[in-house]
1. Would you be able to say whether some residue in the stretch 183-200 is over 17 Å from the mean Cα position of the chain (by Cα) and of a type in the set (S, T, N, Q)?
2. Go through (1) within 21 Å of PHE100 (Cα to Cα); (2) loosely packed, with under 13 Cβ neighbours inside 10 Å one by one and return the number of the condition ALA158 breaks.
3. Free of Cβ contacts under 8 Å to residues at least 12 places away in the same chain, over 22 Å from ILE153 (Cα atoms) and either in a loop (DSSP other than H, G, I, E, B) or among the β-branched types (Val, Ile, Thr) (or both): does that describe LEU119?
4. Looking only at the stretch 107-129, count how many residues are among the charged types (D, E, K, R) and touching a helix residue (DSSP H, G or I) at 6+ places or on another chain (Cβ under 9 Å).
5. Restricting the stretch 179-196 to residues that are closer than 19 Å to SER116 by Cβ, touching a strand residue (DSSP E or B) at 6+ places or on another chain (Cβ under 7 Å) and of a type outside the set (Val, Ile, Thr), which is surrounded by the fewest Cβ atoms within 10 Å (Cβ to Cβ)?
6. Search the stretch 151-180 for residues that are in contact (Cβ under 8 Å) with a residue 24 or more places away in the chain and within 27 Å of THR140 (Cα to Cα) and pair each with any residue that is among the polar types (S, T, N, Q) and crowded, with 18+ Cβ neighbours inside 10 Å when their beta-carbon atoms are under 6 Å apart and the residues are at least 6 apart or on different chains.
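All of the numbers you see were taken from the coordinates with simple rules; none came from a lab. Nothing here was measured: the structure is a model prediction, and the numbers come from that model. Here the Cβ is made from the backbone with ideal geometry for all residues, glycine too, and neighbour counts use every protein chain on show.
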Amino acid sequence: MEPISPLPPQRVRTPVMLQRWDSLTFLHWPFTPRTIERLLPPQIAIDTFEGKAWVGLTPFLLSNLRPPLLPPLPFISKFPETNVRTYVRGPDGGRGVWFFTLEAHRLLAVLGARVSYRLPYRWAMMSVRQKNSRVEYRSTRHHLFGQGQSRVIIEPGAKMNPGEFDHFLTARFRLYTSASNRIAYAQIEHEPWPLRKACLLELHQDLFRNSGVPQPSGEPILHFSEKLTVKIGRLRWLS
């Protein structure tokens, strides 16, 4: 199995798309592994840290979306996104992310990602606003895609010196998905996360239960990143 590391285990030499993730906040809660593993395909195993599974709520602003060698795409190059995710091991031993939902503000991006990457994107009315030292994220799922909303307000803090647990929750360089009982993945490449601490000021969300995940309990663990440039490879099917 791949080690936990802030560096990608593989390069993405021929990316399908480039993008930047701005004002990104990770909020993570622990779960018993069985609670989350039963929500996954049988080929996918839950990845744990010290015996616990972790599920994250991750709001951010996606920007500078573009194919290689081309300028940013008009209208869909910048929009808010929020995902609900957990951490898994694929049948090939790779460590990665499994998404229960990805809420996005642009319908065209939602439709494109559903078709090209088989990911459970949903259209939502969203915003990311920075005022003074605070960052506020809002999301309300469009009625065509069911119910689901979130409101998060955080205040970023000091820079972190991340350890193994911080890397476990954030340094994921592969996404897994499935279609017709087959598993696929896409490789991701970026520099180590420039992580900062963050203080949670307000949280209201029902995205977990409206994406098939039990509502979390207790206070989440927070990480914040100002910006990160990302390469994403093509979807590859596992035999």
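1. No: zero hits.
2. Tallying (1) within 21 Å of PHE100 (Cα to Cα); (2) loosely packed, with under 13 Cβ neighbours inside 10 Å, ALA158 fails exactly one: (1).
3. Values: free of Cβ contacts under 8 Å to residues at least 12 places away in the same chain: no; over 22 Å from ILE153 (Cα atoms): yes; either in a loop (DSSP other than H, G, I, E, B) or among the β-branched types (Val, Ile, Thr) (or both): yes.
So LEU119 does not fit the description; no.
4. Within the stretch 107-129, the first condition is being among the charged types (D, E, K, R), and the residues that meet it are 114, 118, 122, 129.
So of that shortlist, the ones also touching a helix residue (DSSP H, G or I) at 6+ places or on another chain (Cβ under 9 Å) come out as 122.
Number of matching residues: 1.
5. ARG182
6. ILE154/THR25
So that you can scan it fast, the table gives a plain yes or no per residue for (1) polar (S, T, N, Q); (2) under 24 Å from PRO8 (Cβ atoms); (3) out of contact with any Gly (no Cβ under 8 Å at 6 or more places or on another chain); (4) surrounded by 15 or more Cβ atoms within 10 Å (Cβ to Cβ):
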{"position": "ILE44", "(1), (2), (3), (4)": "no, yes, no, yes"}
{"position": "GLY51", "(1), (2), (3), (4)": "no, no, yes, no"}
{"position": "PHE79", "(1), (2), (3), (4)": "no, no, yes, yes"}
{"position": "VAL110", "(1), (2), (3), (4)": "no, no, yes, yes"}
{"position": "TYR117", "(1), (2), (3), (4)": "no, yes, yes, yes"}
{"position": "TYR121", "(1), (2), (3), (4)": "no, yes, yes, yes"}
